[in-house]
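What follows is calculated from the coordinates using simple rules that are stated; it is not laboratory data. Treat the numbers as computed from the prediction; the structure is a model and nothing was measured. In this analysis, Cβ positions are derived from the backbone assuming ideal geometry, glycine residues included, and neighbour counts consider all displayed protein chains.
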């Protein structure tokens, strides 16, 4: 029995006699029960998918937009540092700066950082010491994004699987109902043929 149209929460179809909330609750319980039978344990992700199916909501969302919206200033700064530090322009620029530094201090007399360039080593060490944890912060955010994207892919696949299974069940039900109606029509036709044969038999006997 189906509910026609879209009913408000708590409403009831007079013709069908089915409460929309009761129907949603029953479908939710049926989905969770099916997942429990197939998987043995129903987690929060599976319950969320069943809830979305029951409510008719989509499970897809823009993960990048959510992370960008909730990102703090420090997280955005870490992403920027990782994006610049992991690029060829940064590598080329650093090589140019090192070459100019060593060239000037090796050629000019009375340079501020003569060979073996202790000040340059100190600057590079401090830069690496600060850059490494900042890049790790950005990598942690990237791992969080990948985990959220994987969870969303799992929810989308699970919802598709459940929806396709429900669609197959509906088609099987329709085929069974149609087959039963065809059998009933066939029985009715056979009865009509028998009645026609019974009516035609006396007239042939009289001839």
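Any idea how many residues of segment 84-123 are without any contact (Cβ under 8 Å) to a residue 12 or more places away in the chain and assigned to a helix (DSSP H, G or I)?
The qualifying residues number 22.
Name every residue in segment 87-108 that is surrounded by 11 or more Cβ atoms within 10 Å (Cβ to Cβ) and more than 53 Å from the chain's Cα centre (by Cα), in order of residue number.
Listed by number, the residues that qualify are 102, 104, 105, 106.
If a residue must be free of Cβ contacts under 8 Å to residues at least 60 places away in the same chain and surrounded by 11 or more Cβ atoms within 10 Å (Cβ to Cβ), how many such residues does segment 133-151 contain? Working first, answer last.
If we filter segment 133-151 for residues that are free of Cβ contacts under 8 Å to residues at least 60 places away in the same chain, which is where we start, we get 133-136, 139-140, 142-143, 146-147, 150.
Still in the running and surrounded by 11 or more Cβ atoms within 10 Å (Cβ to Cβ): 134-136, 139-140, 142, 146-147, 150.
Qualifying residue count, segment 133-151: 9.
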